Amino acid sequence: MDLLNNIGLGLGVALTPINLAYCFIGVLVGTLVGVLPGLGPLATMAMLLPLTFNLAPVTALIMLAGIYYGAQYGGSTTAILVNLPGESSSVVTCLDGYQMARQGRAGAALAVAALGSFFAGTFATMVIAGFAPPLAEVALKFGPAAYFSLMVLGLVSAVILAAGSLLKAFSMILLGILLGLVGTDVNSGMARFTFNISALSDGIGFVIVAMGVFGFTEVIVNLELKAKREILTKKVKNLWLTKSEFKAAAPAVLRGTLLGCMLGILPGGGALLSSFAAYTLEKKVSKNYAQFGRGAIEGVAAPESANNAGAQTSFIPLLTLGIPSNPVMALMIGAMMIHNIQPGPQIVINQPELFWGMIASMWVGNLMLVIFNLPLIGIWVKLLSVPYRLLFPSILLFCGIGIYSLSYNTFDIYIAALFGLLGYIFVKLECEPAPLMLGFILGPMLEENLRRALLLSRGDPTIFVTNPISAGMLIVAAILLGIVIVPVVRKKREDVFVE
Amino acid sequence: MVMAQAYPFGNSARMGPGYFPTLISGLLITLGVLVALRGVVVEGHKPGNFHFRPLFLVLASVVLFGFALERLGLMIAIFTLVVLASLGENEFRKREVLILASILAMGSFLVFIYGLRLQIPVWPLSY
């Protein structure tokens with residue numbers, strides 16, 4: 001009954017007018033950026049961060065979370081109607097969704113995406129409510145050694161799950177860790193890697209790096225891509241499913257949801273990986289796999305449910321362990337810190353209103369998305385006709401103002417520009433920026449826990465092996481690493497991303 | 001393949017606070033060498049072409065925005081950014097860009113200065 005009480009408490013927080021209003025703004029903005037290609041949830045959240053300074057922490061987090069899962073909805077709309085993924089997690093939705101739209105079944109595709117997402121969102125919310133508190137309790141018992149090993153495990157799986165070359169992903173993580181170490185050393189007060197620039201003595205802000213690598217770089221890359229947009233102007237009608245469509249889609253939604261929930265929890269997972277994996281799985285188990293790529297409704301239902309489920313369950317490691325599983329979650333940590341909240345297992349116990357309020361708001365937000373989005377599809381499609389040449393200077397401007405307002409220092413803007421350049425080089429070298437961001441946020445934590453653990457054991461490094469929790473996690477990490485080096489699995493992994 | 005950007009960072013660390021960075025740098029250098037070696041041994045595809053025009057103009061517009069913000073105020077900084085960034089696009093339409101800049105300037109003023117009361121200088125003389 002504890003659970004019911006807690007959910008009641010959460011609903012009480014989520015349903016206050018102000019939180020409801022910001023939840024609405026969050027999902028609306030999220031859908032908007034989801035619809036617009038070339039503007040991701042991460043850059044948007046970073047841009048809107050200054051807007052949340054004056055809000056209560058819980059309201060701010062509700063809005064930011066809304067942007068993330070709202071974007072998953074929006075992305076599918078563009079994918080289905082325009083054959084252009086508004087969000088990278090909707091890439092696979094294009095395959096069958098657009099085909100359905102060309103056959104005049106756009107309404108059904110949109111409906112199944114929305115309903116599937118809603119089901120997945122509801123289910124994932126329950127998973128969070130059920131699993132997060134016990135997990136947090138376990139996490140409270142973790143010592144520094146266990147934390148260190150946990151982060152190593154997290155980073156290792158982030159490497160494994162990243163697209164592209166393993167070596168490069170590893171290098172990106174290490175580079176991220178190094179960048180995260182810039183600034184004053186916590187233990188000795190010594191300035192490291194600051195080149196005697198006083199603005200660097202506090203380290204480089206996560207938001208600044210994120211805006212550079214994701215915001216600026218994306219703009220530059222988009223400018224050279226010159227994507228053509230073919231918009232289906234046909235009126236979307238019949239926003240509902242026939243009985244046979246429903247029958248075909250329901251099990252796919254269920255499978256997608258379960259898969260998404262699991263992959264969302266994994267470090268390095270989240271919405272993107274979930275949708276890819278769900279599509280691949282669906283293609284394997286579905287009876288009419290020949291239909292895939294030619295407008296199979298399962299091909300829309302499964303990935304769309306999975307990406308929403310994954311987006312939500314990726315909050316679990318964040319809320320219970322204080323460890324982000326993807327760059328968006330890392331940004332959430334940044335937002336929490338701005339509001340003086342220490343992310344980690346203490347949140348569940350010390351700030352139940354915050355924790356349960358956020359969870360309840362996710363469900364409320366999902367409900368809003370279903371109710372508002374289907375009627376609003378026409379407006380979203382119109383928005384797509386806004387040419388990019390008007391859009392990108394606005395994006396740059398909001399990024400610029402956003403960065404400046406963090407600490408009123410123009411130096412931060414230069415740093416972000418530098419990371420924009422760096423990000424562009426990474427794109428050209430086919431290096432994924434996501435592991436870099438994870439390393440960046442985990443680096444300082446990793447060092448702190450390593451030092452604390454060694455301090456407690458008086459410099460004896462065997463503590464990582466003798467502590468059972470720590471040893472267990474290191475073993476899992478080693479096994480995972482061993483597995484990917486085996487060529488067979490590596491090939492499978494590539495298959496998933498090739499789809 | 002050009003992971004070498006990280007190299008000079010390598011061992012500039014000191015003992016004590018430098019322990020962890022040295023460890024990580026060491027690993028990174030090893031990996032960098034590995035990646036580089038693979039680049040030499042395995043015939044891979046070349047890195048994609050750099051498009052310098054958008055790269056330079058976008059970054060320059062942002063840097064100049066930062067430069068102008070505290071000295072000339074938000075309004076002038078916005079016009080600088082929008083015009084310069086728009087040059088990065090192939091078709092530059094003067095009127096459209098100026099209209100966009102004006103709208104953005106007004107909007108930013110309403111939202112950030114009036115609405116959120118951020119402490120940003122608006123005009124050159126607001127000091």
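FYI, it's all coordinate maths here, none of it is from the lab. None of the values given here were measured: they were computed from a predicted structure. Reconstructed Cβ throughout: ideal geometry from the backbone, glycine too, with neighbour counts over all protein chains shown.
Which of rounded, prolate or oblate describes the stretch A:79-121 when judged by the alpha-carbon gyration tensor and an a/c cut-off of 1.5?
oblate
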Report the gain in length on full extension from A:V476 to A:N340: 0.36 nm times residue separation, minus Cα-Cα distance, nm rounded to one decimal. 45.6 nm
Residues A:V33, A:V91, sorted so that the one with the fewest Cβ neighbours within 10 Å comes first: A:V91, A:V33
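Quick check: residue separation of A:Q103 and A:E224 times 0.36 nm, minus the Cα distance between them. What number comes out in nm?
In short, 40.4 nm is gained.
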Cα→Cβ-extended label distance, 7 Å offset, between A:L166 and A:E137, nm: 3.8 nm
Cα-projected label distance for B:V111 with B:I99, points at 7 Å along beta-carbon direction, nm: 2.0 nm
Past 31 Å, Cα to Cα: identify those pairs from A:K168/A:K382; A:K141/A:K284; A:K243/A:K283, in the order given. A:K168/A:K382; A:K141/A:K284
Using DSSP to call loops (not H, G, I, E or B), can you name the trypsin sites (Lys or Arg not before Pro) in the stretch A:277-336 whose Cβ has at most 15 other Cβ atoms within 10 angstrom? A:K287, A:R294
Based on the Cβ-Cβ distance from A:Y408 to A:T242, what FRET efficiency comes out when R0 is 51 Å, to the nearest 0.05? 0.35
Kirkwood hydrodynamic radius over Cα pairs of the stretch B:52-115, then Stokes diffusion coefficient at 10 °C and 1.306 mPa s, in µm²/s: 132 µm²/s
Of B:G66, B:L110, B:I76, which is farthest towards the positive pole of the stretch B:52-115's charge dipole, taken about the Cα centre with +1 and -1 on the beta-carbons of Lys, Arg and Asp, Glu respectively? B:I76
B:E70-A:I349 pseudo-label distance in nm [points 7 Å out on the Cα-to-Cβ vector]: 4.4 nm
